[in-house]
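The values are calculated or read from the model by the stated rules, or taken from the named source; none is laboratory data. Model, not experiment: these values are computed from the prediction. Quick reminder, even Gly has a Cβ in these numbers, built from the backbone with ideal geometry, and neighbours come from all protein chains shown.
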Amino acid sequence: MKAVIFALFSALIWSTAPLIFKVGLRGEVTPLAGIFLHNLTASIFAMIFLLVTRESINYPLRDIATICLGGFVSGFLGLLFYYKAIKAGEVSVVAPIVASSPLWASVLAFLLLGESFNFLKLAGALLVVIGVILIMVSTELQ
């Protein structure tokens, strides 16, 4: 239950991010500069929280390298394409398409991590795909 509550808070917080990004990217800020500012701010606040909570960062090198790889993939590459999409398109189109990431995460978790993938997960994934298709079609009809 705790994971679901945290996930809902995360979804609510992240639902505001595209709006903030769109406003910030309306001017002259490039997507690359936006990523730098985004990650710099996140790093500063993470450092403050680490210092306040006195949490150690003494972890095995393999774990640190894996997290850094994830940071590169999501915090740089993912954000770069996301910012480019937000700058070029409408938030109401871009955000739902990007929100199809749970579909891809579920498929990859099944293929790479051996996680279960049952009928209900498949049905949910199909609903995500249908939703993305409907949004893309509705954009073309305008």
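Some points to look at:
- Those helices (runs of 4 or more DSSP H) of the stretch 47-123 in which at least 1 residues are without any contact (Cβ under 8 Å) to a residue 12 or more places away in the chain, more than 26 Å from I135 (Cα to Cα) and out of contact with any Phe, Trp or Tyr (no Cβ under 9 Å at 6 or more places or on another chain), considering only elements entirely within it, cover 61-70, 101-113.
- Enumeration of residues in the stretch 90-142 that are hydroxyl-bearing (S, T, Y) and either farther than 30 Å from L25 by Cα or modelled with pLDDT of 85 or more (or both): S106, S116
- Test: residue in the stretch 108-122 that is within 30 Å of K22 (Cα to Cα) and under 14 Å from the mean Cα position of the chain (by Cα): no
- Filter pass, A11 being under 16 Å from the mean Cα position of the chain (by Cα), exposed (fewer than 11 other Cβ atoms within 10 Å of the Cβ) and modelled with pLDDT under 90: yes
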